[in-house]
Amino acid sequence: MKMTVDLKEHSYPIYIERGILKEAAERIAEVYQGSKIMIISDDRVYSYYGEALKKNLSEKYECAETVIPHGEPSKAFETLPGVYSSLLEAKISRTDLIVALGGGVVGDLAGFVAATFLRGIKFVQIPTSILAQVDSSVGGKVAVDLPQGKNLVGAFYQPKMVLIDPDVLETLPERYVTDGMGEVIKYGCIKDRKLFDLLEKCGCYENLKEHLTDVIATCVDIKRRVVEEDEFDTGERILLNFGHTLAHTIEQYFHYERESHGEAVAIGMYQITKIAEEKGLTKKGEAEHIRKVLEAYKLPVKADVPLPQLTEAIKLDKKTLNNKLKVVLLHEIGDSYIYPTGQEFFDGDRTV
């Protein structure tokens, strides 16, 4: 299956196909005719797929690799000098290519490196987690974290291609499956009631597996269409951040060591919908409906943190524009909207 993200001169293809990792060199040759490739991956993913990918790419290109520790702590400035040094040692030039092989952390970091090394070189995304396949590999958001918050330093820098192979999900640890399902459920909540209904009907990941390629394609297609309308995240693209205002603050509060991103998004979606229902901004009963589906896919709905302890981080939220916080809410499941408000939306002594 092939889709195209139509961004004029920055357009690029997305391939979604079982086993496509074995065809990486052939596919990449469609968009890259240079001589050198640097694979950026993490230690866990590279141990499964790195050498096979390198062997495949080496049929056409001179290949090197740099491997970082897995996990969110690697998506930090402290990681960058070592990666840049690897690129220099391999004599990677502005005409060469970076391939990001991994989940969201690797994709975000490698994309940021591509955007900044030598003022920008080409890169290709090969996402290996559900979260990265359905969300972060598409759209060109690349970033690293700061101690004060997540993704606060980054760029909009589109890949040249995205290769999505659902087969690689077979080696995902269970928690990474759960993590990715948080983002899948998000797409159903904001844009696609039929997707939400399918998730509800299947009731667990094992039952969803037979539909997985189609589910990934549905999420990617939603993301593709939103990005085409709003490449730089000032309008409709903000809808993709449903649940994220609270999620990022929860991740930061626990120093990225407790909830994963998808788990934090799950908490954020449920809790913000509860608040919206109380304010008459969302149809009654939707929070409970979301809770049941989240829990069916083993996702949490509560962080047990007093809301006032999260409000300082909310002030740094990237969705704050013109001194207004852009909170993503639901009219009802499948129908989302952007609600301009202020810090007072989160006032109160509740625990989330």
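Per-residue 3J(HN,Hα) values for the stretch 57-64, derived from phi via the Karplus relation 6.51 cos²θ - 1.76 cosθ + 1.60 with θ = phi - 60°, read 5, 5, 5, 10, 9, 7, 10, 9 Hz in sequence order (x marks Gly and Pro). For the chain, the relative contact order works out to 15 percent when only alpha carbon pairs closer than 8 Å and six or more residues apart are counted.
How big, in percent, is the set of alpha carbon pairs in the stretch 86-218 lying more than 19 Å apart? Summing the P(r) tail past 19 Å for the stretch 86-218 gives 53 percent. Per residue, the stretch 237-316 exposes 38 Å² of accessible surface when a 1.4 Å probe is rolled over the protein heavy atoms with every protein chain present.
Of the GluC sites (Glu not before Pro) found in the stretch 256-290, those that fall in a DSSP loop while having at most 15 other beta-carbon atoms within 10 Å are Glu257. Sites listed here are GluC sites (Glu not before Pro) in the stretch 1-108 whose DSSP assignment is loop and whose Cβ has at most 15 other Cβ atoms within 10 Å: Glu30, Glu59. Among Tyr176, Leu146, Pro159, whose Cα sits farthest toward the positive end of the charge dipole of the stretch 142-186 (+1 at Cβ of Lys/Arg, -1 at Cβ of Asp/Glu, about the Cα centre)? Of the listed residues, the answer is Leu146.
Using only C-alpha positions, report the orientation-averaged shadow area of the convex hull of the stretch 209-352, nm², one decimal. Over every viewing direction, the Cα hull of the stretch 209-352 projects on average to 9.0 nm².
Electrostatic bookkeeping for Asp6 treats Lys and Arg as +1 and Asp and Glu as -1; over the other residues with beta carbon under 9 Å from its beta carbon, the sum is +1.
Averaging the Cα positions of each part gives two centres, and for the stretch 74-92 and the stretch 158-231 these lie 31 Å apart.
In the chain, the longest principal axis of the Cα atoms and the axis of helix 174-191 are about 60 degrees apart.
Could you list, in their original order, any pairs among Lys194/Lys223; Lys186/Lys283; Lys209/Lys284; Lys60/Lys150; Lys191/Lys298; Lys283/Lys324 whose Cα atoms are separated by more than 27 Å? From the list (Lys194/Lys223; Lys186/Lys283; Lys209/Lys284; Lys60/Lys150; Lys191/Lys298; Lys283/Lys324), the Cα-Cα distance tops 27 Å for Lys209/Lys284; Lys60/Lys150. Using +1 at the C-beta of Lys and Arg and -1 at the C-beta of Asp and Glu, which of Val352, Ile272, Pro308 has the Cα lying farthest in the positive direction of the dipole of the stretch 239-352? Going by the charge dipole, the pick is Ile272. For the stretch 15-23, backbone phi angles converted through the Karplus equation (6.51, -1.76, 1.60; θ = phi - 60°) give residue-by-residue couplings of 10, 10, 6, 5, x, 5, 4, 6, 10 Hz, Gly and Pro being listed as x.
Relative protection proxy for 298-309, 105-116, from highest mean packing down: 105-116, 298-309 (other beta-carbon atoms within 10 angstrom). Which of [x] 5, 27, 35, 23, 8, 1, 0; [y] 5, 24, 33, 23, 12, 3, 0; [z] 5, 19, 22, 17, 14, 11, 8, 4, 1, 0 is the computed P(r) over Cα pairs in 10 Å bins from 0, in percent for the structure on display? Label of the calculated value: [x]. Show which aspartates and glutamates lie in cross-link reach of Lys22 when reach means a straight Cα distance below 18 angstrom and same-chain residues fewer than eight apart are skipped. The qualifying aspartates and glutamates are Glu30, Glu51, Glu59, Glu62, Glu65, Asp165, Asp167, Glu170.
In the stretch 95-199, the portion of solvent-accessible area held by carbon and sulfur atoms comes to 54 percent [1.4 Å probe, whole percent, DNA, RNA and ligands not counted].
Here the Karplus relation 6.51 cos²θ - 1.76 cosθ + 1.60, evaluated at θ = phi - 60°, turns the backbone of the stretch 92-102 into coupling constants of 6, 10, 5, 9, 9, 9, 9, 10, 8, 10, x Hz, with x for every Gly and Pro. Placing +1 on each Lys and Arg Cβ and -1 on each Asp and Glu Cβ, with no other charges, gives the chain a dipole about its Cα centre of roughly 520 debye.
The values are calculated or read from the model by the stated rules, or taken from the named source; none is laboratory data. Just so it is clear, the structure is predicted and the values come from calculations on it, not from any experiment. Ideal geometry is used to build each Cβ from the backbone, glycine not excepted, and the neighbour counts take in all protein chains shown. For the accessible areas, the whole protein counts, side chains as well, though only heavy atoms, and no ligand, DNA or RNA atoms are used. Shrake-Rupley method; radii C 1.70, N 1.55, O 1.52, S 1.80 Å.
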